[in-house]
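> Input: one structure, supplied below.
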Amino acid sequence: MTTAARRGGIAAATPAGPADPADSLHPGQRWLSRELASPPGRVVIEHVRPAVNGGRFPVKRVVGDVFTVTASIFAEGHDQLSAILHYRRRGARSWSETAMTLLRNDQWQGGFPLESLGMYEYYVTGCVDEFASWRHALERKVRAGLEVSSELLEGARIVESVATHAEDDRTWLGLQARDLREGTDRPARIAAALDPQLLTRMTRHLDRGRATRSEPVLLVDVDRERARSGAWYEMFPRSASPEPGRHGTFADCIDRLPYVASMGFDVLYLPPIHPIGVTHRKGRNNARVAESGDVGSPWAIGSADGGHDAVHPALGTLADFDRLLEEAKLFDIEIALDIAWQCSPDHPWIREHPEWFRHRPDGTIQYAENPPKKYEDIVPLHFATPRWRELWEELLRVVRFWIDRGVKIFRVDNPHTKPFAFWEWLIRTIKDDHPDVIFLSEAFTRPSVMRYLAKCGFTQSYTYFTWRNTKEELTEYLTELCNTEIADYLRPNLFANTPDILHEVLQSGGRAAHQIRFVLAATLAGSYGIYGPHFELAESRAVAGTEEYLDSEKYQLRHWQLDQPASLAPFIGHVNRIRRENPAFRHPERLRFLTVDNEHLIAYTRSTPDGGNLMIVVVNLSPYHAHRGWLELPLEALGLEADQPFQAHDLLSNARFLWRGSRNFVALDPREAPAHIFRVRRRLRTEHDFDYYM
């Protein structure tokens, strides 16, 4: 990132200078083109992990994590090696370091704590440890009963050499070298040579003059916990009015906050809150011609009342929005706003900056299309305009405008239709100044594109979860998201429904289908979302033959009767309380699927890194029929003893089951409860010899 980019500017490309012959070589081979006083280092470092695209992009983690790094480190022969993990917060003057540990087969591991937000840097060095190699050989010869007088003299030489530059330990090491060289008591000399304190001090002064350093320096982007775990609730402010037919306001949203909080949501996401254009405004159910009183699509942004840095007058003022932000904090709720880089034909930018848009040969501005669909009410921005610098800077200004008002979470509409370079620049520029900002990528597109957007900096990503419904589909897809290298850079946010997507399962499966999909979304990954009140009221009316909601809020006001007896709000609140009270659900990388002998039952575990909070989730994927089966538990992997009973406490029903061994019976009827969320409680003994389960 250039200095100009860090300030928010866009640096121009500069021509390359004269070629250096060494530049044609890999960095690790440039010694071939130089005259060296001594041969190059002997240690090879490969496969430093984690690394995204070989270090092209940062890995993602959150504050409080211990960041674990592994590498293959080896040299020819049998000498002992030393490996060091170097790290610092980007911008710090000095590097911290920690010793790496040899695991097996040349695989080394080390770690360091991520204590603050922002970007960290890390790399690995390795070198031959002459003293440790000598000590190891001495141990073997002593065990074999061999003569080691010459070896002790060699050890004295090594220690003396180190003592000459070991300021704090110079005197002590000098004495040890003398004892190794001049002592008359052979066992005492050997004991001194193998003294652990001597090894510690010699390691402290290890000669790294010929160490090998891994390249390039790698990055880890450290976010706050909300980046990894959160419950999102999407709501149209204009439908928040308690009075039928009246346009909702920010004040109505404030009145809705206790309801959202009662369901346990962390994030309240609002679709675009900006003025809506009049030209080519869409009518109800996406009718091409609007009737009098039709409110249009919030994604047709911009009118005479302003653009992306203004609010729709019917919602209130910017001061009213600021009050919503403050009131939401009282309920521990963050407000997320929509970023949609598109305009209505009435947007001020079209008049002020026509060069930011594509014009057809007849002089008209190109509107958005997705054949056979046409969006005449929306005009896309032209990111390849010759005036692209001014456009990019203006979009950056808009994001900063809302951050300055207190917004720290943004859901980004259709990012896959804008240049990757733009997103990488914008997100990195914002996060250099505001590392606590979160960007959610709404990209339902090709897998490689979704993944690349995550690499470019998006904090979270929409997924294909909505279209994964069978046991096989869910197991394969969530394993890919949570248990492969993808998890190093892509954080899934599992939305059960959206204003654009009402899956067939929800259309036909009724209340039970909504419960099933909710439990899956809320327990399979760290973050999930629902679009309400459609979801909790199990609204399932669709435009025939589509996944579109009938009478969609995208094109009209809706009035909601929230206190319906069949509402899922209490159930949602219960599941979210379970999520909050069990930290296992904040660690998506700890997802493990279990074997259960019924294709309609899916089971998996979630746990904390220390295993102290272990959850077992079992879900009946059928909203129509009861199913039962035998669940197989890998006891050793779960930290459970084969000969000890443990309690499976269903936090949904509060029922408790005493299980023993790896094979246990489960049964679920969707008419009663479509899922178990078990907390495993291990057996303890009290001082009175009573069983107690924690």
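> Which strands (runs of 3 or more DSSP E) sit wholly inside segment 158-277 and have at least 2 residues that are closer than 30 Å to Trp560 by Cβ and open to solvent by less than 50 Å² (accessible area, probe 1.4 Å)?
Numbers: elements: 218-223, 230-234, 267-270.
Answer list for segment 158-277: 230-234, 267-270.
> Could you list all residues from segment 203-218 that are modelled with pLDDT under 90 and not small (Gly, Ala, Ser)?
Listed by number, the residues that qualify are Thr203, Arg204, His205, Leu206, Asp207, Arg208, Arg210.
> Here's another thing I want to ask about it. Hey, does segment 570-580 have a residue that's buried (at least 18 other Cβ atoms within 10 Å of the Cβ) and in a loop (DSSP other than H, G, I, E, B)?
Applying the first criterion (buried (at least 18 other Cβ atoms within 10 Å of the Cβ)) to segment 570-580 yields 571-572, 575-576, 578-579.
Those still in the list that are in a loop (DSSP other than H, G, I, E, B) too: none.
Within segment 570-580, not a single residue is buried (at least 18 other Cβ atoms within 10 Å of the Cβ) and in a loop (DSSP other than H, G, I, E, B).
> Please go through segment 357-383 and pick out each residue that is touching a strand residue (DSSP E or B) at 6+ places or on another chain (Cβ under 6 Å) and within 15 Å of Ala287 (Cα to Cα).
Across segment 357-383, the qualifying residues are Tyr375, Ile378.
> So His600 fits all but one of (1) more than 26 Å from Asn469 (Cβ to Cβ); (2) crowded, with 18+ Cβ neighbours inside 10 Å; what number is the exception?
(1)
> Between a first residue in segment 214-234 that is within 13 Å of Pro50 (Cβ to Cβ) and in contact (Cβ under 8 Å) with a residue 60 or more places away in the chain and a second residue that is small (Gly, Ala, Ser) and open to solvent by 10 Å² or more (accessible area, probe 1.4 Å), which pairs have beta carbons less than 7 Å apart while being 6 or more apart in sequence or on different chains?
Close Cβ pairs satisfying both conditions: Leu218/Ala51; Leu218/Gly55.
> Can you tell me how many residues in segment 195-225 are farther than 30 Å from Pro40 by Cα and touching an Asp or Glu at 6+ places or on another chain (Cβ under 7 Å)?
So the answer is 1.
> Still on this structure, I have one more. Would you confirm whether or not segment 155-175 contains a residue that is within 30 Å of Pro435 (Cα to Cα) and either within 49 Å of the chain's Cα centre (by Cα) or at pLDDT 90 or above (or both)?
The answer is no; no qualifying residue exists.
> Which residue out of Gly28, Gly41, Gly54 is at pLDDT below 90, among the small types (Gly, Ala, Ser) and either open to solvent by less than 30 Å² (accessible area, probe 1.4 Å) or assigned to a helix (DSSP H, G or I) (or both)?
Going through Gly28, Gly41, Gly54 in turn, the sole match is Gly28.
> Closer than 18 Å to His308 by Cα, open to solvent by less than 50 Å² (accessible area, probe 1.4 Å) and of a type in the set (A, V, I, L, M): does that describe Ile430? Steps first, please.
Working: closer than 18 Å to His308 by Cα: yes; open to solvent by less than 50 Å² (accessible area, probe 1.4 Å): yes; of a type in the set (A, V, I, L, M): yes.
So Ile430 passes the test.
> Only one residue in Ile365, Ile333 is within 31 Å of the chain's Cα centre (by Cα) and either over 19 Å from Gln556 (Cβ atoms) or open to solvent by 50 Å² or more (accessible area, probe 1.4 Å) (or both). Which one? Show your work before the answer.
Working: Ile365 fails: within 31 Å of the chain's Cα centre (by Cα).
Of Ile365, Ile333, the one residue that is within 31 Å of the chain's Cα centre (by Cα) and either over 19 Å from Gln556 (Cβ atoms) or open to solvent by 50 Å² or more (accessible area, probe 1.4 Å) (or both) is Ile333.
> Considering only segment 520-541, I want to know if a residue exists there that is hydrophobic (A, V, I, L, M, F, W, C) and open to solvent by 10 Å² or more (accessible area, probe 1.4 Å). Walk me through how you get there before you give the answer.
Narrowing segment 520-541 to residues hydrophobic (A, V, I, L, M, F, W, C): 520-522, 524-525, 530, 535, 537-538.
Next cut, open to solvent by 10 Å² or more (accessible area, probe 1.4 Å) only: 537-538.
Yes: segment 520-541 contains one or more residues that are hydrophobic (A, V, I, L, M, F, W, C) and open to solvent by 10 Å² or more (accessible area, probe 1.4 Å).
> Please name all residue pairs, on different chains or six or more residues apart, with Cβ atoms under 8 Å, provided the first residue is in segment 564-577 and is over 11 Å from Ala522 (Cα atoms) and the second residue is of a type in the set (A, V, I, L, M, F, W, C) and surrounded by fewer than 16 Cβ atoms within 10 Å (Cβ to Cβ).
The qualifying pairs are Ala569/Leu562.
> Here's another thing I want to ask about it. Are any residues in segment 471-512 of a type in the set (Ser, Thr, Tyr), more than 30 Å from Ala51 (Cα to Cα) and touching a strand residue (DSSP E or B) at 6+ places or on another chain (Cβ under 7 Å), and if so, which ones?
Kept after step one, since they are of a type in the set (Ser, Thr, Tyr), are these residues of segment 471-512: 475, 477, 479, 484, 489, 498, 508.
Narrowing the set further to residues that are more than 30 Å from Ala51 (Cα to Cα) leaves 498, 508.
Within segment 471-512, just Thr498 meets the criteria.
> So Leu325 passes all but one of these: (1) open to solvent by 10 Å² or more (accessible area, probe 1.4 Å); (2) part of a loop (DSSP other than H, G, I, E, B). Which condition number does it fail?
(2)
> I want to confirm something. Restricting to segment 663-682 and keeping residues that are basic (Lys, Arg) and over 13 Å from Gln647 (Cα atoms), which single residue is least open to solvent (accessible area, probe 1.4 Å)?
Kept after step one, since they are basic (Lys, Arg), are these residues of segment 663-682: 663, 671, 679, 681-682.
In the following step, the residues that additionally are over 13 Å from Gln647 (Cα atoms) were identified as 663, 671.
Details: Arg663: 118, Arg671: 188 Å².
Checked segment 663-682; the qualifying residue least open to solvent (accessible area, probe 1.4 Å) is Arg663.
> Collect the residues in segment 381-411 that are open to solvent by less than 70 Å² (accessible area, probe 1.4 Å) and outside any helix (DSSP H, G or I), keeping them in residue-number order.
If we filter segment 381-411 for residues that are open to solvent by less than 70 Å² (accessible area, probe 1.4 Å), which is where we start, we get 381-383, 385, 391-396, 398-403, 406-411.
Answer for segment 381-411, where residues must be open to solvent by less than 70 Å² (accessible area, probe 1.4 Å) and outside any helix (DSSP H, G or I): Leu381, His382, Phe383, Thr385, Gly406, Val407, Lys408, Ile409, Phe410, Arg411.
> Determine, yes or no, whether Arg288 is basic (Lys, Arg), open to solvent by 50 Å² or more (accessible area, probe 1.4 Å) and touching a Phe, Trp or Tyr at 6+ places or on another chain (Cβ under 8 Å).
Details: basic (Lys, Arg): yes; open to solvent by 50 Å² or more (accessible area, probe 1.4 Å): yes; touching a Phe, Trp or Tyr at 6+ places or on another chain (Cβ under 8 Å): no.
It is false that Arg288 is basic (Lys, Arg), open to solvent by 50 Å² or more (accessible area, probe 1.4 Å) and touching a Phe, Trp or Tyr at 6+ places or on another chain (Cβ under 8 Å).
> So how many residues does segment 291-322 have that are open to solvent by 10 Å² or more (accessible area, probe 1.4 Å) and under 30 Å from the mean Cα position of the chain (by Cα)?
3
> Among the residues of segment 412-427 satisfying the criterion of being free of Cβ contacts under 8 Å to residues at least 60 places away in the same chain and touching a helix residue (DSSP H, G or I) at 6+ places or on another chain (Cβ under 7 Å), which is surrounded by the most Cβ atoms within 10 Å (Cβ to Cβ)? Spell out the reasoning first.
We begin by selecting, within segment 412-427, every residue free of Cβ contacts under 8 Å to residues at least 60 places away in the same chain; these are 415-417, 419-424, 426-427.
Filter once more, so that each one left must be touching a helix residue (DSSP H, G or I) at 6+ places or on another chain (Cβ under 7 Å): 415-416, 420, 422-423, 426.
Numbers: Pro415: 26, His416: 17, Phe420: 15, Phe422: 19, Trp423: 21, Leu426: 23.
Step by step, filter segment 412-427, then rank; the result is Pro415.
> Among the residues of segment 519-541, is there at least one that is of a type in the set (Asp, Glu) and assigned to a loop (DSSP other than H, G, I, E, B)?
Yes, segment 519-541 has at least one match.
> Inside segment 102-146, can you point out the residues that are touching a residue at least 12 places away in the same chain (Cβ under 8 Å), among the small types (Gly, Ala, Ser) and not in a helix (DSSP H, G or I)?
Within segment 102-146, Gly110, Gly111, Ser116, Gly118, Gly126 qualify.
> Which of the residues that make up segment 451-471 are in contact (Cβ under 8 Å) with a residue 24 or more places away in the chain, within 21 Å of Arg517 (Cβ to Cβ), of a type outside the set (Lys, Arg) and open to solvent by 10 Å² or more (accessible area, probe 1.4 Å)? Before the answer, list the steps.
Of all residues in segment 451-471, those in contact (Cβ under 8 Å) with a residue 24 or more places away in the chain come to 451-463, 465-467, 469-471.
Adding the requirement that they be within 21 Å of Arg517 (Cβ to Cβ) leaves 460-463, 465-467, 469-471.
With of a type outside the set (Lys, Arg) added as a condition, the list becomes 460-463, 465-467, 469-470.
Across segment 451-471, the qualifying residues are Trp467, Asn469, Thr470.
The values are calculated or read from the model by the stated rules, or taken from the named source; none is laboratory data. Values in this document were obtained by computation on a predicted structure and should not be read as measured data. Cβ atoms come from the backbone with ideal geometry, glycine included; neighbour counts cover every protein chain shown. Ligands, DNA and RNA are excluded from the accessible area calculation, which covers all protein heavy atoms including side chains. Shrake-Rupley method; radii C 1.70, N 1.55, O 1.52, S 1.80 Å.
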